[in-house]
């Protein structure tokens with residue numbers, strides 16, 4: 001008998017890499033009945049995933065109140081065996097579903113208490129620390145209500161009851177990446193690529209500033225959504241912007257075609273608490289595309305991505321430009337880093353192995 005599973009998100013895009021492309025499609029391929037309750041224009045079925053639409057309207061107030069109520073109502077109508085939600089703002093929805101006797105999983109993508117410390121809309125360090133501490137206590141207490149906690153890393157898992165916790169990391173779907181060909185675009189110079197959120201704490205402007213120092217020896221391809229208009233304008237005022245090509249937010253599989261055409265992948269995250277122990281998607285995807293990488297020189301990343309990247313000071317455009325230059329000059333090193341990354345992904349960093357952990361978690365809940 002099929003298990004009916006419902007994933008819920010009020011904060012992520014419809015075809016989110018982790019939620020849709022990895023988790024939901026894995027469930028569908030396993031033959032279970034999978035629903036995805038998420039912001040979309042309409043109800044539709046994609047890759048055997050039944051997408052049930054929520055309003056696309058955003059904004060913190062709307063999401064926290066109106067959208068959350070709509071999500072709970074539709075979740076109850078689906079009447080799933082297992083509910084799997086992805087946003088901390090949905091904790092109250094998860095608790096209500098538990099009271100209805102449902103099995104509930106909380107999927108923790110980020111260390112939210114640490115993430116709160118980087119939020120500029122909270123106007124002072126005192127307020128950020130206060131909100132972070134309050135949420136930390138609330139999240140830990142609330143998590144006791146749920147049947148399982150899914151975490152993207154060991155570091156995040158430490159915040160929760162280890163008897164309930166399952167670690168499912170953001171490794172790439174190798175079969176998806178290998179099925180994509182490089183995009184047919186003429187390039188006259190080597191390409192450095194960044195795919196992901198274009199935010200201040202991800203060091204986008206510093207990378208653009210580094211392009212000026214390289215004086216046209218390379219171009220930077222940016223694929224993703226800007227944090228806000230003011231940061232986009234700030235980056236466009238950099239003298240390095242003339243060496244940037246911005247492609248916007250594009251579908252995941254199409255993004256792989258750009259990665260395969262590029263020469264170097266870059267991840268220039270600032271050393272804030274939520275970054276130094278994070279495992280973002282992009283390095284693994286770069287590695288699957290056999291790209292040598294330039295990344296922030298974090299201790300944890302030096303352990304995980306050893307021999308696959310050159311470390312940089314993320315706030316220093318001069319250092320970023322030097323490391324790019326080093327790879328451009330040393331073709332042997334460039335090739336070796338790319339090959340190391342590809343081999344590591346094939347041996348132990350693929351979603352194919354993580355997906356089995358997810359299915360086992362569902363099986364365990366169903367049997368209990």
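Evaluated against (1) surrounded by 17 or more Cβ atoms within 10 Å (Cβ to Cβ); (2) touching a strand residue (DSSP E or B) at 6+ places or on another chain (Cβ under 6 Å), residue 297 falls short on exactly one condition, (1).
Entry remark, segment 156-167: residues being within 16 Å of the chain's Cα centre (by Cα), at pLDDT below 95 and surrounded by fewer than 20 Cβ atoms within 10 Å (Cβ to Cβ) number 0 in total. In segment 293-310, which residue that is assigned to a strand (DSSP E or B) and under 21 Å from the mean Cα position of the chain (by Cα) is farthest from residue 261 (Cα to Cα)? Top of the filtered list is 296. Against the list (1) touching a strand residue (DSSP E or B) at 6+ places or on another chain (Cβ under 6 Å); (2) surrounded by fewer than 20 Cβ atoms within 10 Å (Cβ to Cβ), the condition residue 6 fails is (2). Condition first: under 16 Å from the mean Cα position of the chain (by Cα) and over 21 Å from residue 171 (Cβ atoms). Now tell me which residues in segment 250-269 satisfy that. Those that are under 16 Å from the mean Cα position of the chain (by Cα) and over 21 Å from residue 171 (Cβ atoms): 250, 268. Filtered by the rule that a residue be under 24 Å from residue 249 (Cα atoms) and crowded, with 21+ Cβ neighbours inside 10 Å, segment 27-48 gives 36, 37, 38. Here residue 170 meets each of (1) crowded, with 18+ Cβ neighbours inside 10 Å; (2) modelled with pLDDT of 95 or more; (3) closer than 30 Å to residue 121 by Cα; (4) under 21 Å from the mean Cα position of the chain (by Cα) with one exception, condition (2).
Those residues that are over 21 Å from residue 67 (Cα atoms) and more than 13 Å from the chain's Cα centre (by Cα), I need them from segment 2-22; list them, please.
Selection gives 2, 3, 4.
On the stretch given as segment 112-137, residues that are part of a helix (DSSP H, G or I) and within 20 Å of residue 59 (Cα to Cα) total 6. The number of residues in segment 305-335 that are closer than 15 Å to residue 282 by Cβ and surrounded by fewer than 19 Cβ atoms within 10 Å (Cβ to Cβ) comes to 0.
Just give me the residues in segment 71-88 being more than 25 Å from the chain's Cα centre (by Cα) and in contact (Cβ under 8 Å) with a residue 12 or more places away in the chain, in sequence order. Answer for segment 71-88, where residues must be more than 25 Å from the chain's Cα centre (by Cα) and in contact (Cβ under 8 Å) with a residue 12 or more places away in the chain: 74, 76, 78, 79, 80, 81. Of the helices (runs of 4 or more DSSP H) that lie entirely inside segment 164-262, those containing 1 or more residues that are closer than 21 Å to residue 313 by Cα span 204-214, 229-236. Criterion first (in contact with a helix residue (DSSP H, G or I) (Cβ under 7 Å, 6 or more places away or on another chain), modelled with pLDDT of 95 or more, within 28 Å of residue 268 (Cβ to Cβ) and not in a loop (DSSP other than H, G, I, E, B)) does residue 327 satisfy it? Yes. Summed over segment 93-103, the residues that are in contact (Cβ under 8 Å) with a residue 40 or more places away in the chain and outside any strand (DSSP E or B) give a count of 4. Number of residues in segment 59-78 that are at pLDDT below 95, closer than 22 Å to residue 23 by Cβ and touching a helix residue (DSSP H, G or I) at 6+ places or on another chain (Cβ under 8 Å) equals 2.
Pairs linking a residue in segment 182-200 that is on the phi > 0 side of the Ramachandran plot to a residue that is at pLDDT below 95, with Cβ atoms under 6 Å and 6 or more positions apart or on different chains, are 196/282. Checking each residue in segment 345-368 for being in a helix (DSSP H, G or I) and surrounded by 19 or more Cβ atoms within 10 Å (Cβ to Cβ) picks out 345, 351, 354, 355, 358, 362.
The values are calculated or read from the model by the stated rules, or taken from the named source; none is laboratory data. Values in this document were obtained by computation on a predicted structure and should not be read as measured data. Reconstructed Cβ throughout: ideal geometry from the backbone, glycine too, with neighbour counts over all protein chains shown.
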